[in-house]
Structure formats: structure tokens, C-alpha cells
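Quick note: the coordinates plus some simple rules give every number you see, no bench work behind them. Fair warning: this is a prediction, and the values are worked out from it, not measured in the lab. Neighbour counts run over all protein chains shown; Cβ positions are idealised from the backbone, glycine included.
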């Protein structure tokens, strides 16, 4: 027999404790339970072979939260061994979870079939933002609003840029991922392709062809996503680019066709445009179609002013490659270009996992369905990151991985995405948080909104760059801020202020009354908030 101690949340009185104690006493395998409301604590004597998770599930069934108390010696299964955690994938969600459960005494095995580090550091956030920054510098040299500073069109050495970019990728991959594996004895790496045999057992086909089986007490699926390629006639077999290959291409195409108009497509399209390529974007609907329509329209106008051609509501009927050029039939015309970038979305990397054998539910796209606790349809199997039905952002993945790990060891952690900021790194940038006006109305909320053009923001005027706007959405009855959409050069640096305001339930009056430093772009949030109750055109430039 073994005694396990738990911290209990959700009890409001002694009666809660007595009813929980009674319920636990009726669970098979529990010999005795003592629950204290003042201490928010339960001491539970269990028979050999009974795991802590069994007790936690019984406590949750009564409507309370439970976490294995740190004074319980080590993180143990009911058999007295350290908890065995297997994590499939090695990106941000995987490492966040691995570090957390290792801190709690678990033994961790990370299974990785490809490159350590996942999407962000290798083929996503890091290399793309380096490329975007280089393209921004090149553009600023040739195009800026100051007549007293001579503009120069720079010579672009794409190969040198890629070398620098990939060197930084390798540095970060080593410092943030590989070095952790080298220095943390509780986390082991197993290279190979994983598939489920049953809900507790995985089979890993290693690089040398040998197959190894692993049994686990807890499992985290964190396999990410990869480019989704449409079944367009003629496309298969051609040397088209995905975002991964585009980022490491050492030659700039004279003319680049980009099929897609979402985040990845627009970021890379502008980067190549600014590095010297002619760029044509083929949008199946509109630019950034999931955002407020004014965002997409404003960004499209800005990019077209730079020389990009954007075809909206256009489908590709056929693709032909003649050995040197792509010929893309869009119905109304035949487009020809040196290179074609396909950026029409990303699909979950779940097909090879045999999730059906474990009973893990997926949606129609193949994404793992999880709840607010990062649990799948199987209680001891968790999932986090881009392979799930959560938003595809690295900071969401990392936060989800940490919370999944906390729940593996008995906590009751959730991930609240109601004030999740999003940024698109075009120029001007797009940044949003909370609800758009249309989303709020779809939820039958009575809302009010204001849009402030950047020619009302002193810093934008001083920069001679007034492209864009700030839009705020508020609950009409309470004045509480519920959404913000920004199109501005520094939108990504502005949006967290709005996120914090939403998170803390601030009204637009309270936001408008805050002190904002002058001259900053984030002051645009204050000014937009003030438009709900005054005419900012009648204020002096730094009026409070």
C-alpha cells in the first residue's frame, strides 16, 4: 500500500471535503482517504498498482481540481517507478513539456523523425524573419520619404544572405534545443518514426531500420504541420517551392508566382519583391481573408503600391513546367514565371501515427482534437502545437506544451486564448487580438467600434509613413474593450498593449485615460480609444 498526497482546488466548505472523502472511499483500489477543506489537501492510501491519475480522475469526477503534492516522494506511478513520459516531436511544444515534466521527476523520451527543433527555429519563424528583415533594409535603402538622404538601390547577394540566415538557425537550434538534450539526463532522444500500437505503447522505426517499442504512462503528441499541396492539375512533379525551399533558395527568380494569400504567402511574397523579384500573388479569395476585410484591403493597397500584382478570387486550373519556366493557367489568362511558390496552407503531421490504434480523435483535417487542458479523447494522451485544433503559433504551442506537462503530473491547468495576439510580419504589419466586429456580431454581442487612420498619430506623421489604421471594438453597454485590429509598420510592437487591456477587462475610457509615451506608435491605441468619447482632431499633439 502507498499513500499519495494531493492539493485540491474548487472546494468551498467542509461539506465539499466530506463528500469528496466519501466518494473517494468508494473507488476501487483506494483503501482510505482523508480530505481537509482548510488545508485544501487529500491524503489517499492506494493499493499497489493504482496510479495517481486514477485518484485525480475520481476527484475531477466530483467537480474539483487536483495536483499531486510535491511532498509525495518523487513523481511516481502506482508501482513506485518514475513516471514515464513519451513525447512525439521535438519542437517548441515538445521541449516546453519535456523540461516541465523532467523538473517534476519524470523520465522523458523525445521521438523525432527529422530535424531537432521543429518548424519555428528551422523552417519557420526564425529564417523567415531574418529574410524579411534583410528585405526591409534593402527596401529602405532604395525607398524612403526623406529627400535629404540619397536613395540607393542595393546589390543583393542572395547566397550570402542565406548563409548568414542558416548560420543563425543552426546557432539557435543548438543553444535552445540540442544543448538541452546534451545537458539534461532526464530527457532522452530517440530518432525514428513513431506509430501507436495501443494507447500506452508506441513502435519506433529507427533510421537503421530496427524497430523499438516504448511503453508510457503519459504521451504527448507534438508533431507539427507541413505544407499542404493542392491537387492542382499538372502541379505534381514540377519543381515548385514550398515556404521551406523558398527560404533557402540561393537564387532570386526574376518573376515569382505565389499561390496563396494567407500569412506565409504574403510575408514571403513581399520579401522576394523587396529583394528584387517581380511578384504576382494568386489569391483564391482575398488577401488575409480570415481577418477584418479592412485589414486585407489595406495591406493589398500597400503591396500594390510597391509594385506587387495581386489577383483575388482566382483559382489555378493547370500548371505546366517546360524545364525552365512555369506556365500557370488561371482561367482568365496564362501566367508565366521563373518560379512558383505554393503557400496554400499547412496540414497536421498525424497520418503516420496510427492514432486510431490508440483511440485518439481527429477532426476532418487530421488535426488532433484537444480540450482546454490539452487532453485528447484518451485521458493520458495529450497533444500540443500545430498538429492540434489550436491556433498555429509557436507561443501557443509552447504554452500548451507547458500546460500539458503540468496536467500530466496532476495539475488542472488550462490555456485561455481569448486574448491571444496575432502578428503578420508584412510591412505594414498586421496585428490583431480578441474579436473583430463581425465575429462579435456573430456572437450576438452589441458592439461599437472606432477606426483611427494613422495620419492622426503624431509618430506616424513624424515618420512620414501614415499607411494603415487602428481599429478598436468595444462592448456597447459596458465600454469594455473586446478586440483590436492594427495595420501599421510597428503593429506587432503595439498589439500586446491591447491584449493586456482585454485580458484585464479595461474599458475604452480607461485605456484612453492611460499615460502613453510620446512620440510612439502605440499611442495610436490611446488616441483610438479616445475617439469613443471625443474628437481627437481637436486635441493638441500630446494632450491627455
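Here, segment 260-301 is characterised by an Rg to Rh ratio of 0.97, where Rg is the alpha-carbon radius of gyration and Rh the Kirkwood radius. With axes computed from alpha carbons, what is the tilt in degrees of helix 158-173 against the longest principal axis of the chain, rounded to the nearest 10 within 0 to 90? That works out to roughly 20 degrees. Helix-only arithmetic for the chain: the sum of -39500 (n - 2.57) across DSSP H runs with n ≥ 4, divided by the residue total, places the mean residue ellipticity at 222 nm at -9000 deg cm²/dmol. Just so you know, the averaged projected area of the alpha carbon convex hull for segment 2-68 sits at 3.6 nm². Only Cα pairs under 8 Å and 6+ residues apart enter the sum, and on that basis the relative contact order of segment 243-344 stands at 32 percent.
Take every Cα pair under 8 Å whose residues are at least 6 apart in sequence, average their separation, divide by the length of segment 422-538, and the relative contact order is 29 percent. Separation of segment 272-287 and segment 79-121, taken as the distance between their Cα centroids, equals 39 angstrom. Entry note: segment 420-485 has Rg to Rh equal to 1.04, where both radii use alpha-carbon atoms and Rh is the Kirkwood radius. Counting beta carbons within 10 Å around each of 167, 191, 7 and listing the fewest first gives the order 167, 191, 7. To the nearest 10 degrees, how steeply does helix 263-275 sit against the main Cα axis of the chain, on a 0 to 90 scale? The helix 263-275 is inclined about 40 degrees to the chain. Averaged over every viewing direction, what's the projected area of the C-alpha convex hull for the chain? Give it in nm², one decimal, please. Convex hull of Cα atoms, orientation-averaged projection: 30.1 nm².
Normalised by the number of residues in the chain, the mean separation of alpha-carbon contacts (under 8 Å, six or more apart) gives a relative contact order of 12 percent. Counting only Cα atoms, the size of segment 422-538 along its three principal axes is 40, 31, 21 Å, in decreasing order.
In the chain, the DSSP beta bridges split such that about 65 percent are antiparallel, to the nearest 5. Mean projected area of the convex hull spanned by the Cα atoms of segment 243-344, taken over all viewing directions: 6.1 nm². Listing 432, 210 from fewest to most neighbouring C-beta atoms within 10 Å gives 210, 432. Relative to the dominant Cα principal axis of the chain, helix 14-25 is inclined by about 70°. Of 321, 393, 259, the sequence from fewest to most neighbouring Cβ atoms within 10 angstrom is 321, 393, 259.
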